[in-house]
1. If a residue counts only when it is in contact with a Pro (Cβ under 7 Å, 6 or more places away or on another chain), which helices (runs of 4 or more DSSP H) contained entirely in region 107-189 have at least 1 such residues?
2. If the Cβ limit is 9 Å and pairs must be 6+ apart or interchain, which residue in region 55-84 that is closer than 22 Å to Glu213 by Cβ pairs with which residue that is within 11 Å of ligand 2 (Cβ to nearest atom) and basic (Lys, Arg)?
3. Spot the failing condition for Val226; the list is (1) assigned to a helix (DSSP H, G or I); (2) within 12 Å of Met197 (Cβ to Cβ), and only one is missed.
4. Restricting to region 152-171, name every residue that is more than 19 Å from Glu214 (Cα to Cα), surrounded by 15 or more Cβ atoms within 10 Å (Cβ to Cβ) and of a type outside the set (Gly, Ala, Ser).
5. Can you tell me which residue within region 244-277, out of those that are within 20 Å of Thr29 (Cβ to Cβ) and of a type in the set (A, V, I, L, M), is surrounded by the fewest Cβ atoms within 10 Å (Cβ to Cβ)?
6. So Ile123 passes all but one of these: (1) under 17 Å from Leu196 (Cα atoms); (2) crowded, with 18+ Cβ neighbours inside 10 Å; (3) in contact with a helix residue (DSSP H, G or I) (Cβ under 9 Å, 6 or more places away or on another chain). Which condition number does it fail?
7. Here are the criteria: (1) within 16 Å of ligand 2 (Cβ to nearest atom); (2) under 23 Å from Leu102 (Cα atoms); (3) of a type outside the set (Asp, Glu); (4) not in a helix (DSSP H, G or I). Tell me which single one Thr67 does not satisfy.
8. Report the residue count in region 17-48 for those that are among the aliphatic types (A, V, I, L, M) and assigned to a loop (DSSP other than H, G, I, E, B).
Amino acid sequence: MEQAQAAAGSSAYYSPEPAQAPVEYAIETSGLNLWYGDFQALFDVNLDIKKGIITSLIGPSGCGKSTFLRSINRINERLGYVRIQGSIMVYDNDVYGTDVELAQVRKQIGMVFQRPNPLPLSIRDNVLFGFDIHASGGRRAHRSEKDEIVEQALRQVLLWDTVKDRLDRKATELSLEEQQKLCIARLLPVKPTVLLMDEPCSALDPKGTEAVEELVWGLSDDYTIVIVTHNMAQARRASNECIFMLMGEVVEHADTADMFVTPKNKETADYIEGRYG
Ligand SMILES: Nc1ncnc2c1ncn2[C@@H]1O[C@H](COP(=O)(O)OP(=O)(O)OP(=O)(O)O)[C@@H](O)[C@H]1O
Ligand SMILES: [Mg+2]
């Protein structure tokens, strides 16, 4: 009996913590520095961004938010005078590795910009554009398969019911909110793992902002999302983790709720309380 009690006691005492799933990272940067010509815009950025959550990126104008985002899918390098040092891993692939194919990087990492930029094509052709280039694997998909892809993508961005009867109309005729939703929709058929969004609501009115935020939140089950915003309320509402940058450096990276309630750095506190731009 004593033995049993001792065993029970000891097993209670030593009982291991319930097993927790290891944290998995979608984007890992290490020693990332970036220069535009002689001007250094990013300084030793070391970030681990978790898979399957929304991470917001905040900081004053010119602190390097867009530069950082554009480094992840390598669109900075279109500018001949950009130089990058350090590494960026996306889903364990070295984005700047010598054997990496740029088309593969762009396929894996979708990007949405401040102003919606639909192509001057029909709504349907906008949704299928990336798919036709990347995902169809060189074969011609059937009309019915494409119809299915279009419907699924537009449903995911909560646009299907609005546009299903006018899929052949020009995308540029849509409202800004609808155009931005369409720009998100057209990324989905190529099955990206990461979605980068650079102030996707900044051209929208409050109602449009709310609608796009709701959509972004819904997508977080299936994608890793990094979203830049100047809107503190949006960062707070619409993200799980938050990164604060200042003058090309990461100052703080934390759980969003923690960062807004108990920021660890004075600069973060000053920024989120609106004491500077
Ligand atoms: N194409 C470019 N050529 C040269 N310098 C650039 C270029 N793009 C950005 N910069 C500079 O790099 C720094 C970071 O700019 P970036 O656009 O990344 O900031 P940001 O945080 O996105 O700002 P904002 O909130 O205004 O969008 C700024 O000093 C900017 O002037
Ligand atoms: Mg920017």
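The values are calculated or read from the model by the stated rules, or taken from the named source; none is laboratory data. Just so it is clear, the structure is predicted and the values come from calculations on it, not from any experiment. We place every Cβ from the backbone using ideal geometry, glycine too, and count neighbours over all the protein chains shown.
1. Of the helices (runs of 4 or more DSSP H) lying wholly inside region 107-189, those with at least 1 residues that are in contact with a Pro (Cβ under 7 Å, 6 or more places away or on another chain) span 123-130, 143-156, 176-185.
2. The qualifying pairs are Leu57/Lys65; Ile58/Lys65; Gly59/Lys65.
3. It fails just one condition, (1).
4. Leu167, Lys170
5. Of everything passing the filter in region 244-277, Met247 is surrounded by the fewest Cβ atoms within 10 Å (Cβ to Cβ).
6. With (1) under 17 Å from Leu196 (Cα atoms); (2) crowded, with 18+ Cβ neighbours inside 10 Å; (3) in contact with a helix residue (DSSP H, G or I) (Cβ under 9 Å, 6 or more places away or on another chain) applied to Ile123, the lone miss is (1).
7. (4)
8. Result for region 17-48: 3.
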